[in-house]
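K.L.:
Got a structure here, written out as structure tokens. Questions coming.
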Amino acid sequence: MLNNPLVKKLLSKIVEKEHEEILKKRFKETYPDEETPDGIDNLIRALELPPEEIQFIANDIKKTVEETIIPIINSLINGTDTDEEIAKETGIKLNVVRKILYKLYDLKIANYKRSKDPETQWFTYSWKFEKEELIKQVRDECEKDLNTLNQELDKEENNMFFVCPYGHIRCTFDEASDEEFLCECGEELEFQDNSEIIEHIKSAIKETESDLNSFTETVEQ
Ligand SMILES: [Zn+2]
């Protein structure tokens, strides 16, 4: 189940948040007078990050999900329930295991019980994976994505689009006629054949649906 792309996408949020915070800081330093955008994609665009850096971030997210987060969850699934044992079992550093466990807790995907050792008076935390919650969140996210994609498809199929040849704007027929078919740069807007965009959205819908189907199959096994 954990290897399903939809699960990986959900778990990516944990690592994405970290990169988002770093980029936000950088944006504030670079443009102190501008409002800091939200969301990693908007920040990447606003900071005009070079392709190598975007690739680096994407690789880091993928690597952390596959080599750190999934092994920790697998450890929980196998019944290992303390941070120290998980660290021993996975070979991941204890402070990293703790950090990830609390992030999973924030997402409600993991939960813990605290108990006091009657002899030492120390607290021990016994962790548990919340499988049903993960399943629910994966399904919710997927529905949301499918809704957005279907809305986009609807808009593309029911409108004519016009673009500036220099890529400044893209707008519908009504918007273009309001601007008398001129871009701010003075260039005349051109009709755009959007059939490729439509195909792209359709295949994204198909892919999401098939990921959801295979997810449902593995969950019901
Ligand atoms: Zn233009």
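K.L.:
Residue check: is K144 over 26 Å from E217 (Cα atoms) and of a type in the set (K, R)?
P.N.:
Working: over 26 Å from E217 (Cα atoms): no; of a type in the set (K, R): yes.
Judged against the criteria, K144 is not a match.
K.L.:
Between Y112, Y105, Y125, which is more than 16 Å from the ligand (Cβ to nearest atom), modelled with pLDDT under 95 and either closer than 30 Å to E84 by Cα or part of a helix (DSSP H, G or I) (or both)? Reasoning before the result, please.
P.N.:
Working: Y112 fails: modelled with pLDDT under 95; Y105 fails: modelled with pLDDT under 95.
Being more than 16 Å from the ligand (Cβ to nearest atom), modelled with pLDDT under 95 and either closer than 30 Å to E84 by Cα or part of a helix (DSSP H, G or I) (or both) holds for just one of Y112, Y105, Y125, which is Y125.
K.L.:
With R98, R139, R114 as the choices, which residue is out of contact with any His (no Cβ under 9 Å at 6 or more places or on another chain) and loosely packed, with under 13 Cβ neighbours inside 10 Å? Walk me through how you get there before you give the answer.
P.N.:
Values: R98 fails: loosely packed, with under 13 Cβ neighbours inside 10 Å; R139 fails: loosely packed, with under 13 Cβ neighbours inside 10 Å.
Exactly one residue qualifies, and that residue is R114.
K.L.:
Moving on. Tell me, yes or no, whether segment 152-162 has at least one residue that is within 30 Å of N3 (Cα to Cα) and at pLDDT 95 or above.
P.N.:
Of the residues in segment 152-162, the ones within 30 Å of N3 (Cα to Cα) are 152-153.
Of the ones still in play, those that are also at pLDDT 95 or above are 152-153.
Yes, segment 152-162 contains a residue that is within 30 Å of N3 (Cα to Cα) and at pLDDT 95 or above.
K.L.:
Could you check G167 against (1) at pLDDT 95 or above; (2) within 16 Å of the ligand (Cβ to nearest atom); (3) among the small types (G, A, S) and say which number it fails?
P.N.:
If we test G167 against (1) at pLDDT 95 or above; (2) within 16 Å of the ligand (Cβ to nearest atom); (3) among the small types (G, A, S), just (1) comes out false.
K.L.:
Collect the residues in segment 142-170 that are part of a helix (DSSP H, G or I) and surrounded by 15 or more Cβ atoms within 10 Å (Cβ to Cβ), keeping them in residue-number order. Full working, then the answer.
P.N.:
Going residue by residue through segment 142-170, those that are part of a helix (DSSP H, G or I) are 142-157.
Passing the criteria: C142, D145, L146, L149, E152, L153, E156.
K.L.:
Scan segment 78-95 for residues that are of a type in the set (D, E), outside any helix (DSSP H, G or I) and surrounded by fewer than 17 Cβ atoms within 10 Å (Cβ to Cβ) and jot them down. If you could, list the steps in order and put the result at the bottom.
P.N.:
Within segment 78-95, the subset of a type in the set (D, E) is 81, 83-85, 89.
Restricting the remaining residues to those that are outside any helix (DSSP H, G or I) gives 81.
None - no residue of segment 78-95 is of a type in the set (D, E), outside any helix (DSSP H, G or I) and surrounded by fewer than 17 Cβ atoms within 10 Å (Cβ to Cβ), so the list stays empty.
K.L.:
Let me ask something else. Tell me whether segment 192-200 contains one or more residues that are modelled with pLDDT of 95 or more, assigned by TED's automatic domain parsing to the domain that holds L146 and within 16 Å of the ligand (Cβ to nearest atom).
P.N.:
Let us first name the residues in segment 192-200 that are modelled with pLDDT of 95 or more, namely 192-200.
Still in the running and assigned by TED's automatic domain parsing to the domain that holds L146: 192-200.
Next, only the ones that are within 16 Å of the ligand (Cβ to nearest atom) stay: 192.
The answer is yes, given that some residue of segment 192-200 is modelled with pLDDT of 95 or more, assigned by TED's automatic domain parsing to the domain that holds L146 and within 16 Å of the ligand (Cβ to nearest atom).
K.L.:
Here's something else I'd like to know. List every residue pair whose Cβ atoms lie under 7 Å apart, where the two residues are 6 or more positions apart in sequence or sit on different chains, the first residue falls within segment 151-169 and is in contact (Cβ under 8 Å) with a residue 24 or more places away in the chain and assigned by TED's automatic domain parsing to the domain that holds A204, and the second residue, located anywhere, is in a loop (DSSP other than H, G, I, E, B) and more than 16 Å from the ligand (Cβ to nearest atom).
P.N.:
Every condition considered, the pairs that remain are E156/N194; F161/N194.
The values are calculated or read from the model by the stated rules, or taken from the named source; none is laboratory data. These figures come from a predicted structure and were not determined experimentally. Quick reminder, even Gly has a Cβ in these numbers, built from the backbone with ideal geometry, and neighbours come from all protein chains shown.
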